[in-house]
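A short write-up of the structure that comes next.
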Amino acid sequence: MKQVKALALFSGGLDSILAARLVASLGVKVLAVKFVTPFFDYELLADPEKYEQEVLEKYGLEVVLYDLSDTYLDLLRKPAHGFGKNFNPCIDCKILMCSRAKELMTRYHASFLISGEVLGQRPMSQRRDTLRVIERDSDNDGLLLRPLSAKLMSPTKPETEGWIDREKLLNIYGRGRSRQIELAKQYGITDFPAPAGGCVLTDPILSPRIARIYRGEFVVKAEDLTVTDICFLLVGRQFLLPGGFWLILGRNEKENVKIEALAEDTDTVLYMPERPGPTALLRGPKQLPADLDDVGEALQMAAGLVVRYGKKINGHDPGAEVVICGQTGRREVIAHPLDDKLFREWML
């Protein structure tokens, strides 16, 4: 008999690991599918092979990465099932992933899907009625197996067709993790993530930055939003300068490197060559001065903030040389720190 194949929605958390391993232990060929967006795990795309090897070595699972970014940015404009406590469209997010996973079934010759959801574990997205909505709205009636709670739910196609022995599935309910941890020990899994939200859209500090765009309160409009915009929103100190200019300042060397790496041709980058401090990136609603000899008010303010957040010298914050690199070239200016009272209202 030909081996049955299944795709497992793989978050990388313990429940998704166990769901995939449990089904694999029952003789099914399992391929884990890891979806990423700028809001969760996007950095994995920098080295997919490394991630795939780590998952195989740690958990004994084959995994593939898929980027959902463009579709996800559109989803946030008006999720059918609304938002959670912050700007997290958890139900629509799961529907999108299940829909996309179903599309991938043909490519990988899979017969059904696996999810690590546990009935009653989360108040919004893992209620019995919500789990049914996810299955229905993703067009996965009977195809979506949740092996950790399967005995508490109606049988799915892999069970009724005999591909899976229902008696070997589980009946885990609620927020406790003792049974999952015990099962992990049985599989020899000791290195797994702590149960914490890894999605930026659940973060009470960062998610309001994203929400502002979709409310039309930002220099970037929702319909023009790009993945790079999101990456910038999630790094450094953020300012909206007078005139509609957007400024990002790195808070440490790691963020400085990231800002410089993400900068596009139309961006302007500022930094102090002789003094430790932030790398800054300036974007605006209109072209910055074609001639950098005419620094312009926005660049003057940006340079002043670079100096303000630079390292003090003997407890003082003197003026400093700031390099300005833009589309039209490079120049140096002497800038002085802006007074805190002036720019506090510009901070996001």
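Using the structure shown, decide if ASP129 is free of Cβ contacts under 8 Å to residues at least 60 places away in the same chain, in a loop (DSSP other than H, G, I, E, B) and in the same structural domain as ASP15 (by TED's automatic domain parsing).
For ASP129, the condition - free of Cβ contacts under 8 Å to residues at least 60 places away in the same chain, in a loop (DSSP other than H, G, I, E, B) and in the same structural domain as ASP15 (by TED's automatic domain parsing) - is not met.
Looking only at segment 162-184, count how many residues are at pLDDT 90 or above and either under 24 Å from ARG122 (Cα atoms) or surrounded by 12 or more Cβ atoms within 10 Å (Cβ to Cβ) (or both).
Qualifying residue count for the region: 16.
Could you grab me the full set of residues in segment 47-63 that are crowded, with 17+ Cβ neighbours inside 10 Å and either in contact with a Phe, Trp or Tyr (Cβ under 9 Å, 6 or more places away or on another chain) or not assigned by TED's automatic domain parsing to the domain that holds VAL36 (or both)?
Result: VAL55, TYR59, LEU61, VAL63.
Output yes when any residue across segment 69-92 is among the β-branched types (Val, Ile, Thr), buried (at least 20 other Cβ atoms within 10 Å of the Cβ) and touching an Asp or Glu at 6+ places or on another chain (Cβ under 7 Å), and no when none is.
No: zero hits.
In a loop (DSSP other than H, G, I, E, B), touching a residue at least 24 places away in the same chain (Cβ under 8 Å), within 20 Å of LEU31 (Cβ to Cβ) and aliphatic (A, V, I, L, M): which single residue out of LEU148, LEU170 fits that description?
Just a single option satisfies the conditions, and that option is LEU148.
Give the number of residues within segment 207-233 that are part of a loop (DSSP other than H, G, I, E, B) and surrounded by fewer than 19 Cβ atoms within 10 Å (Cβ to Cβ).
Residues flagged as part of a loop (DSSP other than H, G, I, E, B) and surrounded by fewer than 19 Cβ atoms within 10 Å (Cβ to Cβ) within segment 207-233 amount to 7.
Within segment 104-126, can you find the residues that are surrounded by fewer than 22 Cβ atoms within 10 Å (Cβ to Cβ) and either hydroxyl-bearing (Ser, Thr, Tyr) or assigned to a helix (DSSP H, G or I) (or both)?
If the condition is that a residue be surrounded by fewer than 22 Cβ atoms within 10 Å (Cβ to Cβ) and either hydroxyl-bearing (Ser, Thr, Tyr) or assigned to a helix (DSSP H, G or I) (or both), then LEU104, MET105, THR106, ARG107, TYR108, SER111, SER125 are the ones that fit.
Looking for whichever is hydrophobic (A, V, I, L, M, F, W, C), in a helix (DSSP H, G or I) and under 30 Å from ALA211 (Cβ atoms) here; the options are LEU96, LEU56, LEU65. Which one fits?
The unique qualifying residue is LEU96.
Please give the number of the condition LEU22 fails out of (1) of a type outside the set (Phe, Trp, Tyr); (2) farther than 21 Å from ASP191 by Cβ; (3) modelled with pLDDT of 95 or more.
(2)
Looking at (1) part of a helix (DSSP H, G or I); (2) loosely packed, with under 15 Cβ neighbours inside 10 Å; (3) aliphatic (A, V, I, L, M), which is the only condition ALA101 fails?
(2)
LEU45: under 15 Å from GLU135 (Cβ atoms), touching a Leu at 6+ places or on another chain (Cβ under 7 Å) and either not in a helix (DSSP H, G or I) or not acidic (Asp, Glu) (or both), yes or no?
no
Can you tell me how many residues within segment 118-177 are closer than 15 Å to SER16 by Cα, in contact with a Gly (Cβ under 7 Å, 6 or more places away or on another chain) and of a type in the set (A, V, I, L, M)?
1
Inspect segment 318-330 for any residue being without any contact (Cβ under 8 Å) to a residue 24 or more places away in the chain, in the same structural domain as GLU264 (by TED's automatic domain parsing), surrounded by 12 or more Cβ atoms within 10 Å (Cβ to Cβ) and closer than 24 Å to PHE232 by Cα and give the result as yes or no.
No; the residues of segment 318-330 include none that is without any contact (Cβ under 8 Å) to a residue 24 or more places away in the chain, in the same structural domain as GLU264 (by TED's automatic domain parsing), surrounded by 12 or more Cβ atoms within 10 Å (Cβ to Cβ) and closer than 24 Å to PHE232 by Cα.
The values are calculated or read from the model by the stated rules, or taken from the named source; none is laboratory data. The structure displayed is predicted, hence computed values, not measured ones. FYI the Cβ positions are ideal-geometry reconstructions off the backbone, even for glycines, and counts take in every protein chain you see.
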